[in-house]
Amino acid sequence: MIEPSESPLEVFRLVPPFGDHFKGLLIDGRPVIGWELDSEANDLPPGVSSEWHGNPKGMAAEYPSGHPAAPVLSRRLTEETRSRFQDFGYYIPVIAPGTQPGDYYAYVPTVVADCLDKNASSPPDEAGEIERTVFVPAELPLDAPCFRLPDNRTYVYWNGWAARLIRSIVGPENIELRLVWSSDPHATPHPRPMGF
């Protein structure tokens, strides 16, 4: 269900915290990307491998990966979002050194929405990144927490209500919400929300 207080409509990319007091996960996203590009030719992997990066003694982030194709959620985020997210994507276990099964999951959205305003947006580059992204508000899949685009299937875009839900769980200091697009003409999108 769409959050009734949400106005204007907004779409974000979620980015893990950076800094010496955190450590995050570098995941092998190739199997997920293969499925996102062609689900008939490629199976969704049963698990995703990863390695830690950052300060080895730092606190493990609850949103630990900046991979644009496969957002990673901690056990707590998974438990607190599953009832609202599970109908719109898959939770795939992430295997990381020193973790227990179920500590982390990649959330892979199944929703592919043809909601891009192609006339107002810049074309995807070779990597699929769209520098200027404009959405058609009436075509946004607002019930879904996040979605992918037909011409850009390996980037995950988060609806405002879901991005704020995740931030409310982990705290604003533990995640960055990069504005991709807003229906508010005065809002300023991040200059490169899908970049690193």
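The values are calculated or read from the model by the stated rules, or taken from the named source; none is laboratory data. From a predicted model like this one, the values you see are computed outputs, not experimental measurements. Cβ coordinates were reconstructed from backbone atoms using ideal geometry, including for glycine residues, and neighbour counts include every protein chain displayed. Side chains included, ligands, DNA and RNA excluded: accessible areas come from the protein's heavy atoms. Shrake-Rupley method; radii C 1.70, N 1.55, O 1.52, S 1.80 Å.
Just a few scattered comments:
- Heavy-atom accessible area per residue - the chain, 1.4 Å, Å²: 50
- Largest GNM mean-square fluctuation among TRP181, TRP158, TRP35, using the chain with Cα springs under 10 Å: TRP35.
- Here is the size of segment 8-87 from its Cα atoms: Rg then Dmax, 14.3, 42 Å.
- Note on the chain: with a GNM built from Cα contacts shorter than 10 Å, the maximum mean-square fluctuation among ALA113, ALA127, ALA144 falls on ALA127.
- The chain - charge dipole about Cα centre, Lys and Arg +1 at Cβ, Asp and Glu -1, debye rounded to 20: 500
- Solvent-accessible area of segment 88-196 (1.4 angstrom probe, protein heavy atoms only): carbon and sulfur portion equals 51 percent.
- Amide H contacts under 5 Å for GLY89: THR110, restricted to partners 5 or more places along the chain or on a different chain, H placed in the peptide plane at 1.01 Å from N.
- The mean of 1/r over all pairs of different alpha-carbon atoms in segment 77-188, once inverted, gives a Kirkwood hydrodynamic radius of 15.5 Å.
- Highest mobility in the GNM of the chain, judged by mean-square fluctuation with C-alpha springs under 10 Å and restricted to THR99, THR110, THR154, is found for THR99.
- The tail of the calculated P(r) for segment 1-157 beyond 27 Å holds 26 percent of all Cα-Cα pairs.
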